[in-house]
Amino acid sequence: MTAYAPDFEKALAVGRPPNIVKLFPHSKALIVSGKVIDRAMIAKGKAMTIAANGRSAVVIRGALQAAQRANAAIIIEIAKSEGGSGAYCAVNFWNMASLVDQMCNELGITVPVAIHADHYGIKGDKDVKAARTEIPSMFEAGITSIAIDASHLPDDQNLLANIELAPFVPSWAGLETEVGEIKGKEGLSTPAEALFLIQGLNAHGIFPDWIALNNGTTHGIEASDAGIQVELTAEIHKKIEKYRVSGAQHGTSGNNSDRLRAIAARTHTTKANVATALQMISWGLEVNDYGNAIMDAEKNFNKVRDAGVTEELWAEMVAYATGKGIKAGDYKKLNLPFENKIAGQSAQVRERMAQRVADFVHGMLVDVFNARDTAPLAIDAIIKAGSYDLGPKTGRIEDPAEWTPEKIRTRAAGLAGSRGPGGNFDD
């Protein structure tokens, strides 16, 4: 099933949000709200798409090529730590839409694509104050979806920060919220915490498209076999089911395919973030069947000859990491200093890097996430709505009078969730 050209043209005419139309008035790239992507996965059922973390231009290129091949709606994203004001990647909140638009037009990409600002972290009042200016600037630059992540804070402060920042997110945009900082098996999210967050938002007329949980996984290289807890995820999604909030699965890299298939089949998850795996694959490192980089006994990565970057450039990257004391789990910090060197490689090298990503992403979309042929469903949703704004999936259920700041703090005091260990878990 593919989208007919007339349907694509109709969707292109009405489905691009106003910020995208203003930025790219003559574009043929179908950049859409995150809401559109979520609705397409719901329409197919038991499906989630990749939220491909665009740490580099070659990763974005490969992910878009894979989505076109799979006829799948897709999300391209970057997190605040990676692409915010203190970025360690050249791709950022303010240039990502331009990169995606250019590549879509160059490559003839016709599947719908959302541009997502992931893990927009809020750790206190200072971040809330900065966000009032920064969030609008991101949407002015082409962001079409955002994750307000105040999960680092206690439950009442998390909810109150989300409420305070919601007016700065366009009503048409995709919206993700988060409960439980992503840090593995410690500090797992609870059904009560998730319900508290979603009910409080609902009372204030805020209807998130996704909720992200700490359901047992980590960011980066998965160091154990604990991984995603499917039963916990299903339990939490059941608890908040009437609010029609989909799941966003973070920390996908390193979890085996069967576990990810179970998340798609047995929960309400429609968005699956993949970051570290795509970075490693693009560089040409040896990975297992679900994207976890393979290391030798000395904890060194195995570089596949004539794959990814050249052997000479890889040696330079390793030497740089060694000189800076960068350990395996922090090789992500090589993105910024080496992005331009990668851009300066031959077309053959750049293309093989993107192709390696494309092959992996296509396999995830088709064989694991059940996202094949979701592009026409996204286009159908736009045409039926006759607009770029699909509106919320539900209405207000909760009584605002029961969710004043004072009552929010009182309710939160009765929650028994654990925050888990301290540390930097931003990605």
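The values are calculated or read from the model by the stated rules, or taken from the named source; none is laboratory data. What you are looking at is a predicted structure, and each value in this text was computed from that prediction instead of being measured. Neighbour counts run over all protein chains shown; Cβ positions are idealised from the backbone, glycine included.
Remarks
- The sole residue among GLY344, GLY251, GLY323 that is small (Gly, Ala, Ser) and touching a residue at least 12 places away in the same chain (Cβ under 8 Å) is GLY251.
- In the range 166-201, the qualifying residues are those that are among the charged types (D, E, K, R) and at pLDDT 95 or above, and the one that is farthest from ASP155 (Cα to Cα) is GLU176.
- Residues that are over 27 Å from PHE196 (Cα atoms), crowded, with 24+ Cβ neighbours inside 10 Å and small (Gly, Ala, Ser) within the range 240-262 comprise SER253, GLY254, listed in sequence order.
- Annotation note: Cβ proximity below 8 Å between a residue of the range 385-397 that is in contact (Cβ under 8 Å) with a residue 40 or more places away in the chain and within 15 Å of ALA13 (Cα to Cα) and a residue that is surrounded by fewer than 16 Cβ atoms within 10 Å (Cβ to Cβ) and β-branched (Val, Ile, Thr) (sequence gap 6+ or interchain) occurs for GLY386/VAL14; SER387/VAL14; TYR388/VAL14.
- Here ALA381 meets the list (1) surrounded by 17 or more Cβ atoms within 10 Å (Cβ to Cβ); (2) part of a loop (DSSP other than H, G, I, E, B) almost entirely, failing just condition (2).
- Output for the range 21-48, where each listed residue is surrounded by fewer than 24 Cβ atoms within 10 Å (Cβ to Cβ) and assigned to a helix (DSSP H, G or I): VAL21, LYS22, LEU23, ILE42, ALA43, LYS44
Rundown of residues vs (1) at pLDDT 95 or above; (2) in contact with a Lys or Arg (Cβ under 9 Å, 6 or more places away or on another chain); (3) more than 22 Å from ALA90 (Cβ to Cβ), yes/no style:
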{"residue": "ALA297", "(1), (2), (3)": "no, no, yes"}
{"residue": "ARG305", "(1), (2), (3)": "yes, no, yes"}
{"residue": "GLU311", "(1), (2), (3)": "yes, yes, yes"}
{"residue": "ASN335", "(1), (2), (3)": "yes, yes, no"}
{"residue": "LYS341", "(1), (2), (3)": "yes, no, no"}
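- Only listed residue being in contact (Cβ under 8 Å) with a residue 12 or more places away in the chain and within 28 Å of SER151 (Cα to Cα), chosen from ARG55, ARG61, ARG16, ARG69: ARG55
- Condition check for ALA97: closer than 18 Å to THR374 by Cα and either at pLDDT 95 or above or touching a Lys or Arg at 6+ places or on another chain (Cβ under 8 Å) (or both): no
- Test: residue in the range 274-281 that is at pLDDT 90 or above, under 29 Å from ALA321 (Cα atoms) and over 17 Å from the mean Cα position of the chain (by Cα): yes
- Residue list for the range 203-224, restricted to those being surrounded by 24 or more Cβ atoms within 10 Å (Cβ to Cβ), at pLDDT 95 or above and outside any strand (DSSP E or B): PRO208, ASP209
- Of all residues making up the range 49-63, the number that are farther than 13 Å from ALA275 by Cβ and outside any strand (DSSP E or B): 4
- Filtered by the rule that a residue be at pLDDT 95 or above and closer than 17 Å to ARG55 by Cα, the range 315-329 gives a lone residue, MET317.
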